[in-house]
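Take a look at the structure set out below.
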Amino acid sequence: MEGRLYSQEEIHDDLLGLKGIMRGAYSREITEALEQKGYRLKGAEVYKEEEPRALTDEEAHSLGETFRRALDKGHPVFIGWYPWIDRQNGKRGHFSVLGGYDGEDFFIYDPRYGEAVLVISQKTLADHLLLPTLDRTAWGIFYFYVEQAP
């Protein structure tokens with residue numbers, strides 16, 4: 001963002017204004033901070049009542065193309081795992097960020113792994129994107145990315 005790399009701590013403390021708060025950021029906090037800086041966001045949600053084993057091939061291909069188009073524009077994709085709607089705070093769950101790709105492999109930044117960059121194939125990503133919601137009422141995924149920069 002803005003031509004320089006930020007550490008996870010700088011994003012949490014300074015960009016999101018969560019200094020001294022000992023938890024991760026809610027989706028509302030992330031999206032509001034980006035929108036206040038003038039970014040227009042695009043997001044989507046997929047929920048299924050029954051337990052799926054993975055996205056269908058068609059869903060996986062479409063999602064992969066969506067992610068690649070965003071990344072080609074230089075816009076990272078925020079993925080919410082174990083999604084759950086919290087009426088006060090927006091979506092909850094665990095966030096990872098897709099920062100790039102090479103062919104069928106995506107590069108993921110995940111706070112659980114510090115500064116390490118994980119490489120995951122589109123197939124493996126598709127096999128693990130639909131996860132149970134935190135309230136265990138459905139299976140789902142949500143994601144958002146910058147549609148237009150200021």
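The values are calculated or read from the model by the stated rules, or taken from the named source; none is laboratory data. Because the structure is predicted, anything quoted here is derived from the model rather than measured. Here the Cβ positions follow ideal geometry from the backbone for every residue, glycine too, while neighbour counts run over all protein chains shown. Surface areas here come from the heavy atoms of the whole protein model, side chains and all, with no ligands, DNA or RNA. Shrake-Rupley method; radii C 1.70, N 1.55, O 1.52, S 1.80 Å.
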request  = Being closer than 14 Å to residue 67 by Cα and at pLDDT below 90 is the filter; apply it to region 81-98 and report the residue that is surrounded by the most Cβ atoms within 10 Å (Cβ to Cβ).
outcome  = 96
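Name the single residue that is least open to solvent (accessible area, probe 1.4 Å) among those in region 11-42 being part of a helix (DSSP H, G or I) and closer than 13 Å to residue 111 by Cβ. Can you show your working first?
First pass over region 11-42, keeping only residues part of a helix (DSSP H, G or I): 11-15, 27-36.
Okay, now just the ones that are also closer than 13 Å to residue 111 by Cβ, so 11-12, 30.
Values: 11: 69, 12: 36, 30: 18 Å².
The residue in question is 30.
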note = Per the filter on region 12-39, residues in contact (Cβ under 8 Å) with a residue 24 or more places away in the chain and within 17 Å of residue 145 (Cα to Cα) are 25, 26, 27, 28, 29, 30, 31, 34, 37, 38, 39
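Yes or no, residue by residue, for (1) surrounded by fewer than 20 Cβ atoms within 10 Å (Cβ to Cβ); (2) modelled with pLDDT under 90; (3) more than 15 Å from residue 68 (Cα to Cα):
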position	(1), (2), (3)
100	yes, no, no
105	yes, no, no
115	yes, yes, yes
125	no, yes, no
135	yes, yes, yes
138	yes, yes, yes
143	no, yes, no
task = Residue by residue through region 1-10, note down the ones that are at pLDDT 80 or above and either surrounded by 12 or more Cβ atoms within 10 Å (Cβ to Cβ) or part of a loop (DSSP other than H, G, I, E, B) (or both).
result = 10
key: Residue among 51, 45, 65 that alone is loosely packed, with under 12 Cβ neighbours inside 10 Å, charged (D, E, K, R), modelled with pLDDT under 80 and within 25 Å of residue 121 (Cβ to Cβ)   = 51
